[in-house]
Every structure is written in structure tokens, then in C-alpha cells.
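**Student:** Take this structure, written in C-alpha cells, and hold onto it; I'll ask about it next.
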Amino acid sequence: MTEDHAEPTASFTELYGYAPEGVWAAPGRVNLIGEYTDFNDGFVMPLALPHTARAAVARRTDGELRLHSTDVPGGVVSLRVDELAPHQGHGWAAYPAGVVWALREAGHPVTGADIQLTSTVPTGAGLSSSAALEVVTALALNDLFGLGLDRAALAVLAQRAENAFVGVPCGVMDQMASACCTEGHALHLDTRDLGRRQVPFDLAAHGLRLLVVDTRVKHALGDGAYAERRAGCEEGARLLGLRTLRELPYEELDSALDRLAGAGAGDSVVRYVRHVVGDNRRVERVIALLDAGDVRAVGPVLTAGHVSLRDDLRVSCPELDLVVEAANAAGALGARMTGGGFGGSAIVLVEEAAAEAVTGAVLDAFAGAGFGAPGVFAAVPSAGARRLV
Ligand code: ADP
Ligand code: MG
């Protein structure tokens with residue numbers, strides 16, 4: 001795809017008056033299964049989307065950091081690398097600036113850069129446009145400054161940028177997915193030690209499609225809810241005498257829930273624990289099914305995951321529930337919300353032959369409910385971050 005390289009190169013040259021040293025790309029992602037598990041040391045299973053953030057970049061040695069995005073109004077944001085500090089604002093530019101800050105904090109000699117960004121990852125749709133922006137910046141600077149960091153190290157620094165510099169308390173899944181996914185695979189990631197395996201996920205070979213339905217809504221409720229769920233999970237682990245919920249085997253879940261109730265845990269803490277331990281189990285189940293080539297059987301596991309997110313973690317919303325309900329009623333193999341919830345996107349596993357009918361059913365259901373039309377596209381498991389030029 002030549003326009004992949006040409007677009008950011010041309011706008012870089014037009015903007016800064018000279019040619020970039022290279023162009024890099026990093027994808028957005030959807031998570032197949034394993035939600036709200038990554039801050040519990042648990043399992044996740046994302047795949048990279050064909051949608052990418054791309055960065056044309058050149059080094060500077062004078063301490064200047066100049067940032068521009070073709071996707072947001074406003075001009076170049078000029079910052080000094082030695083004056084970067086957390087929570088200064090900077091709007092969208094905080095994501096790439098945070099990466100520079102995190103690299104320098106870790107002792108890496110990033111002496112400035114001119115950066116031109118452009119992205120096809122929908123923003124705020126739960127598809128990790130923010131991680132794509134961070135990872136593409138991290139990979140470009142790693143290559144240009146010869147830092148020698150591996151993919152996982154770059155992802156962890158990108159997460160640190162988002163947590164500490166931007167101020168968003170996300171887990172490491174999004175950055176790891178963008179940095180480490182490979183074409184044709186889902187990534188089984190153990191967030192406890194960043195252990196990972198590329199699990200073949202060739203939908204086309206099985207006559208299947210994974211639809212992404214972007215509800216195009218974001219409910220404000222989501223802002224505090226993530227922190228509340230996180231605190232609830234930590235409380236559950238503490239009451240059980242565990243460091244994290246990952247240490248609780250699925251086989252011991254029922255007795256642990258009894259112990260939690262006995263220890264005075266609130267109803268919501270009990271539910272959060274049940275979701276997290278259950279979703280870790282569902283990741284293992286999906287991997288076993290994929291390894292056995294039984295891809296269709298993944299569908300009901302996705303739907304079970306949605307029910308758990310809806311009823312136990314309570315992070316869904318009417319639009320996401322309607323996608324799942326309408327898709328399954330129209331013959332989908334299974335569906336669930338993906339990402340943080342309260343809006344954003346859902347995924348639907350469907351026979352190729354039924355994709356059109358299921359899409360139509362979801363669109364009709366949205367229209368019937370008076371919701372705005374969602375965006376629907378097929379998730380083809382794509383490559384992780386890479387240098388293009
Ligand atoms: P998500 O990562 O799910 O898309 P976030 O709220 O975490 O949603 O990140 C979205 C934010 O990332 C945007 O509000 C913007 O600040 C920044 N962002 C993403 N893509 C771009 C882009 N192409 N140009 C500028 N900023 C971007
Ligand atoms: Mg994000």
C-alpha cells in the first residue's frame with residue numbers, strides 16, 4: 001500500500017520543509033476475549049486491525065520536539081524535551097510527548113524530533129487509537145536513536161506514557177497488542193510476565209468473519225467506572241489474601257466467592273472477582289478451541305463473556321447489548337462488547353455467508369431503537385508495529 005508511506009512523507013515535507021528519515025506504522029486492536037483482566041495480571045487475546053497510526057519522523061539534536069497530526073485541527077505543537085513533565089495538558093500531543101518523556105525518564109538519549117502523525121484508527125471507539133499513536137512514536141524513536149529496545153519494552157514505556165504522563169490508568173494490553181501482534185494471529189498475552197504466543201486465527205480459511213461494530217457512543221459513566229472496577233478487584237484479592245486475582249484458580253472460584261461473602265465483601269466485589277476469574281478461564285477455552293481448529297465454537301464463549309461483562313462487571317450499555325442481542329438473533333455464532341465498555345465497539349463472530357444479514361439486522365435494530373447508525377467493518381488479523389520506509 002504505497003499511500004501508506006506517501007501520505008505522511010508528503011505532509012511531513014510540506015510542514016517541516018525537509019524529508020523525514022523514515023515512516024512507521026502501528027495498528028489499533030480489538031480484543032477477542034479477556035476483558036478487565038490485564039490489571040489483574042490475567043490473560044488477554046487481542047488481534048491487530050488493518051487500521052494504523054503512521055508517523056513520519058526525523059531526529060533533532062537541539063532539544064525541540066515538534067508534533068503534528070493531520071487528524072486534529074490546530075498547528076504544530078512545539079515542546080522542549082527537557083521540560084516535559086506529567087499532567088501538563090497538551091491535549092492529543094500528550095500521547096507522543098509522553099512517549100518521549102517515558103524514554104528519557106528511562107535514561108534513553110532522545111534529543112528531540114519532528115513528528116508528523118496520521119491515523120485510520122477510529123478514535124474513542126475502544127479500538128486503541130491512543131496506543132497506536134504511542135507505539136508508532138516509540139518504535140520510530142527506538143529505531144532512529146538506536147535504543148535497541150524490544151517490542152515488549154517499548155509497549156511498557158508506551159503504557160507508562162499513558163498512565164503517568166497523560167494520566168489514563170490503562171493496563172498494558174493495548175500497547176502490547178499494537179507492538180507485538182502478527183498477521184493472521186491473535187496474541188495470547190499473559191499480562192503477569194508479558195509471556196506471549198501467536199495463536200493462528202485464520203478466519204477466512206474457516207469461512208468466518210469477525211465483525212467490529214462501532215456503536216459511536218461513549219457514555220460519561222465510563223470515566224469513573226474503570227477506576228472503581230479496578231479498586232474492587234484489588235479489594236477482592238486483598239480479602240482473599242492474594243497479590244492479584246490471577247492467583248485464584250478457576251477450580252477454587254466458588255469457595256473463594258463464599259469466603260469473600262463471609263469476609264464482608266460487597267456484592268459488587270464478589271461479582272468483579274467472578275468476572276475476572278471467569279474471563280481468564282474463557283481465554284484458555286478460546287485458545288484450546290483455536291488450537292483444535294474448532295473456530296466456530298469460539299462464538300458461544302464470546303457471548304458468555306458479554307453476559308459476564310454486562311451482569312457481573314456491569315460495564316456494558318444498551319447499544320452494546322443491542323449489538324449482541326440482534327447479531328445472535330440473526331444467526332451470529334457469538335458476540336460481545338470489547339474494550340472498556342460504556343460504548344465503544346462490539347465484536348461479532350459470523351459465518352461469511354451470514355455476515356450481510358447479521359450486519360443488516362444490527363443496523364435495523366439500531367434504527368428501531370432510535371440509536372444512531374453504528375460503523376461496521378471486518379477485523380482481519382493484521383501486522384503489529386513496523387517500519388514502512
Ligand atoms: P481509544 O484509544 O479507544 O481510541 P482514547 O480515549 O484512549 O480512545 O484515545 C483517544 C485520544 O487519542 C484522542 O482523543 C486523541 O487525543 C488521541 N488520538 C488518537 N488518534 C489520534 C490522531 N490521529 N491524531 C491526534 N490525536 C489522536
Ligand atoms: Mg486508548
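**Student:** Using Cα pairs under 8 angstrom and six or more residues apart, how large is the relative contact order of the stretch 250-389, in percent?
**Tutor:** Relative contact order of the stretch 250-389: 16 percent.
**Student:** For the stretch 201-378, just the Cα set please: Rg and Dmax, both in angstrom.
**Tutor:** Gyration radius and largest Cα-Cα distance of the stretch 201-378: 17.5, 51 Å.
**Student:** What's the magnitude of the charge dipole for the stretch 169-318 around its Cα centre, counting Lys and Arg as +1 and Asp and Glu as -1 at the beta-carbon? Answer in Debye, nearest 20.
**Tutor:** Here the stretch 169-318 has a charge dipole of around 240 debye.
**Student:** Now for a different question. Using a 1.4 angstrom probe and counting only protein chains, how large is the accessible area of Trp101 in Å², to 10?
**Tutor:** Roll a 1.4 Å probe over it and Trp101 shows about 20 Å².
**Student:** With a 10 Å radius around each residue's Cβ, average the other Cβ atoms per peptide and rank 233-239, 192-198, 175-181, 214-220, highest first.
**Tutor:** 175-181, 233-239, 214-220, 192-198
**Student:** Right, another one. Ranked from highest to lowest mean number of other Cβ atoms within 10 Å per residue, what is the order of the peptides 200-206, 381-387?
**Tutor:** 381-387, 200-206
**Student:** Under the Kirkwood approximation applied to all pairs of distinct alpha-carbon atoms, what is the hydrodynamic radius of the stretch 88-223 in Å?
**Tutor:** 16.2 Å
**Student:** Can you tally the net charge around Ser78? Count Lys and Arg as +1, Asp and Glu as -1, for every other residue whose Cβ sits under 12 Å from the Cβ of Ser78.
**Tutor:** So the environment of Ser78 carries a net charge of -1.
**Student:** Let me ask you something else. Compute the long axis of helix 355-369 from its Cα atoms, compare it with the longest principal axis of the Cα atoms of the chain, and write down the angle in degrees, 0 to 90, nearest 10.
**Tutor:** 80 degrees
**Student:** So what is the 222 nm mean residue ellipticity for the chain from helices alone, if each DSSP H run of at least 4 adds -39500 (n - 2.57) and you divide by all residues, rounding to the nearest 500 deg cm²/dmol?
**Tutor:** Rounded to the nearest 500, the figure is -13000 deg cm²/dmol.
**Student:** Could you tell me the distance between the Cα centroids of the stretch 341-359 and the stretch 113-140, to the nearest Å?
**Tutor:** Computed from Cα coordinates, the inter-centre distance equals 25 Å.
**Student:** Oh, and also: Could I get the Rg over Rh figure for the stretch 12-101? Both from C-alpha atoms, Rh via Kirkwood, rounded to two places.
**Tutor:** Rg divided by Rh gives 1.05.
**Student:** In addition: With a probe of 1.4 Å, find how much accessible area the stretch 48-102 has per residue, and write the answer as a whole number in Å².
**Tutor:** 40 Å²
**Student:** Put +1 on the Cβ of every Lys and Arg and -1 on every Asp and Glu Cβ in the chain; which of Cys181, Ser345, Thr52 then has its Cα farthest towards the positive end of the dipole?
**Tutor:** Cys181
**Student:** Here's another thing I want to ask about it. Could you tell me how many degrees, from 0 to 90 and to the nearest 10, lie between the Cα long axis of helix 298-311 and the main elongation axis, the longest principal axis, of the Cα atoms of the chain?
**Tutor:** That helix lies at roughly 90 degrees to the long axis.
**Student:** Also, I was wondering about something else. Can you tell me what percent of all Cα-Cα pairs in the stretch 205-302 are more than 23 Å apart?
**Tutor:** 45 percent
**Student:** Okay, next question. Return the percentage of antiparallel bridges among DSSP beta bridges fully within the chain, rounded to the nearest 5 %.
**Tutor:** Of all bridge pairs located within the chain, approximately 90 percent are antiparallel.
**Student:** About its Cα centre, how strong a charge dipole does the chain have in debye, to the nearest 20, once Lys and Arg get +1 and Asp and Glu get -1 at the Cβ?
**Tutor:** Charge dipole, the chain, about its Cα centre: 340 debye, nearest 20.
**Student:** Which value, in nm² and rounded to one decimal, describes the direction-averaged projected area of the C-alpha convex hull of the chain?
**Tutor:** Mean projected area for the chain: 19.0 nm², to one decimal.
**Student:** Could you give the angle, 0 to 90 degrees to the nearest 10, between helix 129-144's Cα long axis and the longest principal axis of the Cα atoms of the chain?
**Tutor:** Roughly 40 degrees, rounded to the nearest 10.
**Student:** Taking the alpha-carbon centroid of each part, what is the distance from the stretch 288-332 to the stretch 242-258 in angstrom?
**Tutor:** Their Cα centres are 23 Å away from one another.
**Student:** Report relative contact order for the chain in percent, whole number only (criteria: Cα-Cα under 8 Å, sequence separation at least 6).
**Tutor:** Normalised by residue count, the contact order of the chain is 23 percent.
**Student:** Moving on. With a probe of 1.4 Å, find how much accessible area the stretch 320-389 has per residue, and write the answer as a whole number in Å².
**Tutor:** The answer is 35 Å² per residue.
**Student:** Further, regarding this structure: Roughly how many Å is it from the Cα centre of the stretch 74-94 to that of the stretch 168-197, as a whole number?
**Tutor:** Answer, in whole Å: 27.
**Student:** Multiply the residue separation of Val389 and Leu221 by 0.36 nm, subtract the distance between their alpha-carbon atoms, and state the gained length in nm to one decimal.
**Tutor:** 56.3 nm
**Student:** Pop out the carbon and sulfur fraction of the accessible area of the stretch 233-331 as a percent, whole number, probe 1.4 Å.
**Tutor:** For the stretch 233-331, the apolar C and S fraction of the accessible surface comes to 47 percent.
The values are calculated or read from the model by the stated rules, or taken from the named source; none is laboratory data. None of the values given here were measured: they were computed from a predicted structure. Positions of Cβ are backbone-derived with ideal geometry, glycine not excepted, and every protein chain shown enters the neighbour counts. Accessible surface is based on the protein model in full, side chains and every heavy atom, while ligands, DNA and RNA are left aside. Shrake-Rupley method; radii C 1.70, N 1.55, O 1.52, S 1.80 Å.
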